[in-house]
């Protein structure tokens, strides 16, 4: 049997909330053994968020980000338990933290502290604005990063206020970049035997992801405005309401799709209209094109138009809510949604990794309860006896 890509890699996870845990979630899905250090009696802040309605006592948000990890409860402000964390770092391949800059160093768990003990360690600090610079000590949450990186300036309608994207995009993107950088650094360890420090900021990660859409700003100094669901370079490209109250997202991507689009709508005469002959002309007549398309789509239900667009190979999608998105037949076919048996919440659904590999399959375990694996990890990583574990770290919390 072919083992998972990161099988045998040990990750010490000092992160909480979203960005850091998303990074270590990816590493866990790649097969790494991820040990999450949590505060005794408190744990990751996501364990203490207000539960969803009807889900009192269940840590749904925490569960979504922490499957396949092991939890140990250590008080890093306690000298003896901090010493255990250092011993774990000495035996780890990767260490990830998302404390405020400088906190890990003050705790005696910074890069300089652990690199001296473990020169092969890959150490990643994930923060809002990075470990240096004028914003180093500013607090950062996902909406703050969406604001400072310009995402809000291009999200929403042109005549309305800026709006954030309705998902923690900056957190997730930062976590993904961090995981990518860590895997790359592990390759250097294997090749050259040297670990390294990774300083990754949410602000940098978000701008790196946006760079593909910043050409006019980078090259011409022009900042685009808000266009709602429209596209600055393509028309028609919008979400349109159909006769049954459903919405369809549609995009005519290039000139070759304009004639098929007109056929799909039964409006071949638009193809001959000199105002709409090229994409540039349609962009110039954006309002008129959108008015005509919206009026036509409102005449028939969504299913009618989806069949027509499918036949003409026009890019389209029904605008789903989250429930519809999870129940989508393509998602079911790909096996993205997995079922896990959680010791407290019972059977839970999670969104699995988005990759399908030809020779390895991601095996997943349920998210841990607080301190569930304290004794196991201290025994397996450090070789401690049960009496030592009970004396130094205490019994694991439930």
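A short reminder: the numbers here are calculations on the coordinates, not readings from a lab. It should be emphasised that the depicted structure is a prediction, and the values quoted were computed from it without experimental measurement. Because the Cβ atoms are built from the backbone with ideal geometry, glycine has one as well, and the counts that use them run over all protein chains shown.
The gain in end-to-end length when the residue 259 to residue 1 segment is fully stretched comes to 87.7 nm, 0.36 nm per residue minus the alpha carbon separation.
Between residue 267 and residue 229, the FRET efficiency estimated from the beta carbon spacing at R0 = 22 angstrom works out to 0.60. Here the spin labels are modelled as points 7 Å beyond Cα on the Cα-Cβ line, and at residue 359 and residue 60 they lie 4.1 nm apart. Expressed as a fraction of 2.2 N^0.38 Å, the C-alpha radius of gyration for region 50-187 is 1.28.
Calculate how many DSSP beta bridges within the chain are antiparallel, expressed in % of all such bridges and rounded to the nearest 5. Each step should come with its number before you reach the end.
Details: 14 of 37 bridges.
Bridges in the chain are about 40 percent antiparallel.
Looking at the square roots a ≥ b ≥ c of the eigenvalues of the Cα gyration tensor of region 158-238, which shape do they give, rounded for a/c under 1.5, prolate if a/b is larger than b/c, or oblate?
Working: a/c = 3.06, a/b = 2.40, b/c = 1.28.
Prolate is the answer for region 158-238, as a/c is 1.5 or above and a/b outweighs b/c.
Every Cα-Cα pair in region 126-169 was counted, and those over 16 Å apart are 42% of them.
Say R0 is 25 Å: what FRET efficiency, to the nearest 0.05, do residue 48 and residue 210 get from their beta-carbon distance?
Working: r = 32 Å, r/R0 = 1.29.
FRET efficiency, residue 48 to residue 210: 0.20.
Against the chain, whose longest principal axis is taken from its Cα atoms, helix 19-29 shows a tilt of about 80°. On a 0 to 90° scale, report how tilted helix 302-312 is relative to the longest principal axis of the chain, with both axes built from alpha carbons and the result rounded to the nearest 10. Here the helix axis deviates by roughly 80 degrees. In terms of surrounding Cβ atoms within a 10 Å radius of their Cβ, 103, 24 rank from fewest to most as 103, 24.
Which shape class, rounded, prolate or oblate, goes with region 1-131 when its Cα gyration tensor gives a ≥ b ≥ c as root eigenvalues, a/c under 1.5 marks rounded, and past that a/b bigger than b/c marks prolate?
Working: a/c = 1.76, a/b = 1.23, b/c = 1.43.
In terms of gyration-tensor shape, oblate.
Take the convex hull of the alpha carbons in region 183-222; its mean projected area over all directions comes to 4.1 nm². Expressed per residue, the C-alpha convex hull volume of the chain stands at 184 Å³.
For region 237-319, relative contact order (Cα pairs under 8 Å, six or more residues apart, normalised by length) works out to 47 percent.
Counting every C-alpha pair in region 245-321, the share spaced more than 15 angstrom apart comes to 54%.
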